[in-house]
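Undergrad: Got a structure for you, written out below as structure tokens; questions coming shortly.
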Amino acid sequence: MDVFRLSYPACVIAGKVRLTARDIDVLRDHVFTGGMTTSQDAVILLAINRSSTEKCPEWQPYFIETMTDFIVRHCYPQGAMDEWNAEWLIAMISTRGIVNSRIERDLLFHIIDTAARIPDSLSIFALEQIRLALSHEACPAEHGAPERRLTMEDVRLVCRVMAAIARSRGVNLTDREARMLRQVGILIGLGGQGEKAA
């Protein structure tokens, strides 16, 4: 089994506790000199993102835009997401079906916003993240806690997924999307109020 190793200077940046704007310049000038062109490049950037506990304000837009540019605009089919790319993305940013971090969740939704088309596997995965957050299933420490109240952010996330579905399939939801929307819809209808669905 191959061991994943970062080359210099990526390995030095990955070893830092805090990522700075200077680190971003080093990545642009010395690691991804021609932009991100391979899935290995994407894995390197993901590894650097996960290795640091503190990040400068410039990191999030750099990380999200760089990853989106590679996944959506560079990879085939350019401008859209196919099933293979969706499966790869989901595998890279999640563990046991739950997105690993807030920044990776933001990456997921930015890709959904950017791609001209997405497969239903990606829309379902995104809706599942919303469902999990509403039901606390993403937080084992809160097992048994009541469902939290619906926030405007939840509504915006659902709307972003729905806009992507509309771009991809118009009003023709897949059966899987319809089932997931019903699941999320029940939780949204409750809004944390404790009412029972009809």
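Residue by residue, here is whether (1) touching a residue at least 24 places away in the same chain (Cβ under 8 Å); (2) closer than 23 Å to Arg105 by Cβ; (3) outside the structural domain of Ser123 (by TED's automatic domain parsing) holds:
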residue: Val12; (1), (2), (3): no, no, yes
residue: Arg18; (1), (2), (3): yes, yes, yes
residue: Val26; (1), (2), (3): no, no, yes
residue: Asp29; (1), (2), (3): no, no, yes
residue: Gly34; (1), (2), (3): no, no, yes
residue: Ile44; (1), (2), (3): yes, yes, yes
residue: Pro57; (1), (2), (3): no, yes, yes
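Undergrad: Among the candidates Gln40, Gln78, Gln60, which residue alone is over 20 Å from Ala164 (Cβ atoms), surrounded by fewer than 16 Cβ atoms within 10 Å (Cβ to Cβ) and at pLDDT 95 or above?
TA: Gln60
Undergrad: Going by the conditions given, is Ile93 farther than 29 Å from Leu132 by Cβ and in contact with an Asp or Glu (Cβ under 7 Å, 6 or more places away or on another chain)? Write out each step before concluding.
TA: Numbers: farther than 29 Å from Leu132 by Cβ: no; in contact with an Asp or Glu (Cβ under 7 Å, 6 or more places away or on another chain): yes.
Here the answer is no, as Ile93 does not meet what is asked.
Undergrad: How many residues, within segment 150-170, are under 21 Å from the mean Cα position of the chain (by Cα), under 21 Å from Pro77 (Cα atoms) and not in a helix (DSSP H, G or I)?
TA: 0
Undergrad: List pairs: first in segment 173-198 and assigned by TED's automatic domain parsing to the domain that holds Leu134 and buried (at least 17 other Cβ atoms within 10 Å of the Cβ), second at pLDDT below 85 and of a type in the set (Asp, Glu), Cβ under 9 Å, 6+ apart or cross-chain?
TA: Going by the 9 Å Cβ cut-off, the qualifying pairs are Leu187/Glu147; Leu190/Glu147.
Undergrad: Being within 30 Å of Ala21 (Cβ to Cβ), crowded, with 18+ Cβ neighbours inside 10 Å and β-branched (Val, Ile, Thr) narrows it down to one of Thr95, Thr66, so name that one.
TA: Just one listed residue meets the conditions, Thr66.
Undergrad: Looking at (1) at pLDDT below 85; (2) assigned to a loop (DSSP other than H, G, I, E, B), which is the one condition that is false for Leu173?
TA: (1)
The values are calculated or read from the model by the stated rules, or taken from the named source; none is laboratory data. As the structure is a computational prediction, the values presented were derived from the model and not from experiment. Every residue, glycine among them, receives a Cβ derived from its backbone with ideal geometry; neighbour counts consider all protein chains shown.
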